[in-house]
Every structure is written in structure tokens, then in C-alpha cells.
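> Sending over a structure as C-alpha cells; questions will come in a sec.
The values are calculated or read from the model by the stated rules, or taken from the named source; none is laboratory data. All values derive from a computational prediction rather than experimental measurement. For neighbour counting, all protein chains shown are included, and Cβ atoms are generated from backbone atoms with ideal geometry for every residue, glycine included.
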Amino acid sequence: MILHQFWLIRHALVHRDSLAFLYGTDDVPVCDETMAAQCSAYSAMAARLPHPARVVCTPLSRTQRTADALVRAGYPEHERLIDPAFIEQDFGDWQGVPISQFEERGHDERHPFWPIHAAETPPGGESFAHLIERVGAGLEALCKTAKGQNTIIVSHGGAIRAAIAHAMGLTPHQALCLQIDNISLTRLEHGPRGWRVLSVNEHSSTPACQPLAEPPSAHLRQEATSTEGVLS
């Protein structure tokens, strides 16, 4: 069975001057101070990622600068595919609007964890439901053109939520309930039987479980099974 894994990384934290606004597809800068302070996180991520792998970024500089930081942290130099399918949600006329302006909306007018409703289409923009369709089509296209077993996609929080929604069949409302942090890793897998989610919002501070160098002896296994009062 041929399986293909997608390694989705949310870009570096953007500059604090942009955090209070809906920036969507605007090409806002990353925070250089935060990026420098997170060298260990980039090193851990670079060591975690597979290679060789196809590397995909979006047209926005914050994803490409994140990929640059991973190379500085030790990931091998690579060619990049620039794919607009994985760009952030387009908020149209609302891009650049302070998020605080949406706080007065009632419960039925917004998502509990997002300034606008999951099904709402901003003027001149796209709904989150449309984002799921766009990202899903991008993933399916990459599956068809895959030549190896791994694709790394440096993308955006909304697009990664949309990718999970596509893989799991989530509603837009459910997908917006997912937390996707900056410099976090989400892993999806696709094969003949369809999609599955391997992990969501992985952090370098949570190391992978390492196998024992040698299996425990029969004597130790017997002691472990006979011990009483141990909570597992």
C-alpha cells in the first residue's frame, strides 16, 4: 500500500503591529525578534522533518521566511513549489480591519473562537467553507503529482485547519475550533483507503516517544504484570 504523508507547518509569528487586525492574504512581516528567540524550536523542527521531501510554500513571505529559517536550522537546501492553494483565507474588504471591531457581535453573528461566522463570506472575500474546498483541491492535486512519500507544506493557520477538515470531513464550524499554533506541525496521510490524521499542533517541546534500546527481560515483564496498585 502506497502512503503519502503531508507535513503541514504554520508560519512564524507575524509582527505585533499586525496581530490586532484581520490580515488574511496581506503580506505582513514576521516578528524577527521572536524568530531569533525560537532557534531551538526551528532546530527541533528541522530534525523532525523528513528528507528528501517535496517542499511547498505559499506566495506570502511569512511562509517562505519560515522555510528559510528551517534551512538555517539544519534542514537541507531544497527547491520550493509556490502554491496559492494553501494561502490564508481571503477576508476581502475586511482585511486590515481591527479584530476589536468584531467583538460587539452577538453569539449568532460570529464563531466562538473566530471574529466571523464559519459560513460567512466577507465582502469581496471568501468563506471558511470555500477555503476548505480550495485547500482540499490543492491537497488532492499534490497527491496526484507526488513522486516521493513526503510533502512539507509551510502554510497558515486557517489553511491547516481547512486541510484537517478536508481529511476528516469536518464542518467549517468544527474546523475553526482547532488550535493551530505558529511553528507547530500537523501531519496527514493519504493512501488507497483515503485520508487519516496522524497528529495536530505538534510542538518541539513534546518529544516523540523513543523505543527502548533492548526489550525488557522476561523477569522484569513478570514483575510488571504482578505489581498491584499501579495506575497506568
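> Regarding residue 47, is this residue under 16 Å from residue 12 (Cβ atoms), small (Gly, Ala, Ser) and either at pLDDT below 95 or not in a loop (DSSP other than H, G, I, E, B) (or both)?
So residue 47 fails the test.
> If you go through the stretch 76-94 one residue at a time, how many are in contact (Cβ under 8 Å) with a residue 12 or more places away in the chain, over 15 Å from residue 28 (Cα atoms) and part of a loop (DSSP other than H, G, I, E, B)?
Total meeting the criteria: 4.
> Hey, could you check the stretch 149-179 for residues that are out of contact with any His (no Cβ under 8 Å at 6 or more places or on another chain) and farther than 20 Å from residue 10 by Cβ and say which is surrounded by the most Cβ atoms within 10 Å (Cβ to Cβ)?
171
> Among the numbered criteria (1) in contact (Cβ under 8 Å) with a residue 60 or more places away in the chain; (2) surrounded by 13 or more Cβ atoms within 10 Å (Cβ to Cβ), which single criterion is violated by residue 110?
Among (1) in contact (Cβ under 8 Å) with a residue 60 or more places away in the chain; (2) surrounded by 13 or more Cβ atoms within 10 Å (Cβ to Cβ), residue 110 violates only (1).
> Identify, from the list 52, 29, the residue that is touching a Gly at 6+ places or on another chain (Cβ under 9 Å) and in contact (Cβ under 8 Å) with a residue 12 or more places away in the chain.
That would be 52, the only listed residue that is touching a Gly at 6+ places or on another chain (Cβ under 9 Å) and in contact (Cβ under 8 Å) with a residue 12 or more places away in the chain.
> Can I ask one more? With 176, 231 as the choices, which residue is hydrophobic (A, V, I, L, M, F, W, C), closer than 28 Å to residue 65 by Cβ and modelled with pLDDT under 95?
Answer to the check: 176.
> Only one residue in 41, 69 is touching a Phe, Trp or Tyr at 6+ places or on another chain (Cβ under 6 Å) and outside any loop (DSSP other than H, G, I, E, B). Which one?
Answer to the selection: 69.
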